[in-house]
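*Asks:* Got a structure here, written out as C-alpha cells. Questions coming.
The values are calculated or read from the model by the stated rules, or taken from the named source; none is laboratory data. All of these numbers come straight from a predicted model, not from anything done at the bench. Using ideal geometry, Cβ is built from the backbone for each residue, glycine included, and neighbour counts are taken over all protein chains shown. Side chains are part of the model used for accessible areas, which takes the heavy atoms of the whole protein and leaves out ligands, DNA and RNA. Shrake-Rupley method; radii C 1.70, N 1.55, O 1.52, S 1.80 Å.
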Amino acid sequence: MAESDADLQANVEEYLREMAEQTYDLESRLEGREDTISLVLATLDYDQVLLTNQLRQLRAEHEEVLPAEADETIDDLLALLRHFAATREYFKTLYFSQEFAALSKHLIYVSLPTILLVSFVLLHTGDFPDTHVTTTVVTTVSMAPFMLLSAYVLRVATVTLRTR
C-alpha cells in the first residue's frame, strides 16, 4: 500500500470516527423529542460546518488517489450535510415563529392589566398614602411587560448565538 493510500485511509477513518461520534450524540439527544425547542436544542451542537469542511479538505488533499465511487460518496455526504443544515434552519425558524407568537399573546395578557393598574393609581394618586410600598408595587407591575419581553428576547438570542 502506498504512503498516500495509507494517509487517505487514516484520514477517512478519523473523519468517520468524528462524524459517528457527533451523529450518535445527536441521535441520543433527538430520541423521543417532539416539540420544536427540543429539536432545535438537540441540533445546536452538531457541527455540520466542521464536518463539511473536513470532508472537502479530505477530498482536496487526496483527489489524485480517490476512486470515483469515493468521490460520489463524498458528494452524497456533502448533500446530506446541506440537508441537515436546511432542516436545522427550518426548525429554528419554526421555533422563532412560535416564540414570537407566544410573546405577542403574553404581552397582551400582561400589558392590559398593567396599563389598567398604573392608570388607576395615577388617576387616584391622592387617594393612596404616599408610601414606599405603593410606589414599589406600581413600579414593579409597570415593569412586567418589559421583563416578559426581555425573557423572550434572551431565549431567542441564546438559540441564535448557539447555532453555529
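*Asks:* Would you mind checking the tilt of helix 132-142 against the longest principal axis of the Cα atoms of the chain, expressed as 0 to 90 degrees and rounded to 10?
*Replies:* The two axes meet at around 50 degrees.
*Asks:* Mind checking the full-extension length gain between Asp5 and Glu89? Use 0.36 nm per residue of separation minus the Cα-Cα distance, one decimal, nm. Let's see the in-between values first.
*Replies:* Working: separation 84, 0.36 × 84 = 30.24 nm, distance 3.74 nm.
Using 0.36 nm per residue and subtracting the Cα-Cα distance, I get 26.5 nm.
*Asks:* Would you kindly give the portion of the calculated P(r) for the chain that falls above 23 Å, as a percent of all Cα pairs? Spell out each step's value before the answer.
*Replies:* Details: 8053 of 13366 pairs.
The calculated P(r) of the chain puts 60 percent of pairs beyond 23 Å.
*Asks:* Between Arg59 and Asp35, what is 0.36 nm times their sequence separation minus the Cα-Cα distance? Round to one decimal in nm.
*Replies:* Details: separation 24, 0.36 × 24 = 8.64 nm, distance 3.74 nm.
Full-extension gain reported as 4.9 nm.
*Asks:* Related question: Rounding to the nearest 10 and keeping the result within 0 to 90°, find how far the Cα-based axis of helix 144-162 lies from the longest principal axis of the chain.
*Replies:* 10 degrees
*Asks:* Additional query: How far apart, in nanometres, would the label points at Ile115 and Ala102 be if each is projected 7 angstrom from Cα along the Cα-to-Cβ direction?
*Replies:* Result: 2.4 nm between the two label points.
*Asks:* I would also like to ask the following. State the volume of the convex hull built on the alpha-carbon positions of the range 42-127, expressed per residue in Å³ and rounded to an integer. Let's see the in-between values first.
*Replies:* Details: hull volume 9.4 nm³, N = 86.
Enclosed volume per residue, from the Cα hull, is 109 Å³.
*Asks:* Roughly how many whole Å is it from the C-alpha centroid of the range 143-164 to that of the range 30-50?
*Replies:* 19 Å
*Asks:* Residues of the range 51-164: accessible area per residue at 1.4 Å, in Å²?
*Replies:* Values: 7730 Å² over 114 residues.
For the range 51-164, the per-residue accessible area is 68 Å².
*Asks:* How much length, in nm to one decimal, is gained on full extension between Leu78 and Tyr152, taken as 0.36 nm per residue of separation minus their Cα-Cα distance?
*Replies:* Numbers: separation 74, 0.36 × 74 = 26.64 nm, distance 3.48 nm.
Extra length available between Leu78 and Tyr152 comes to 23.2 nm.
*Asks:* While we're looking at this one, here's another question. Considering the zone a paramagnetic label at Glu69 would reach in this model (a point 7 Å from Cα along the Cα-to-Cβ line), which residues of the range 2-22 have amide N under 16 Å from it?
*Replies:* Label zone hits: 9.
*Asks:* Okay, next question. Treating only the Cβ of Lys, Arg, Asp and Glu as charged (+1, +1, -1, -1), what charge dipole size does the chain show about its Cα centre? Round to the nearest 20 debye. Please report the intermediate quantities before stating the final value.
*Replies:* Working: 12 positive and 26 negative charges, 322 e Å.
Computed about the Cα centre, the dipole is about 1540 debye.
*Asks:* Also, I was wondering about something else. Please give the helix 68-123 orientation as an angle from the longest Cα principal axis of the chain, in degrees from 0 to 90, rounded to the nearest 10.
*Replies:* 0 degrees
*Asks:* Once you put a point 7 Å from the Cα of Gln22 and another 7 Å from the Cα of Asp130, both along the Cβ direction, what distance in nm separates them?
*Replies:* 6.5 nm
*Asks:* Taking all protein chains in place and a 1.4 Å probe, what share, in percent, of the accessible surface of the range 11-164 do carbon and sulfur account for? Working shown, then result.
*Replies:* Working: 6480 of 10220 Å².
Carbon and sulfur: 63 percent of the exposed surface of the range 11-164.
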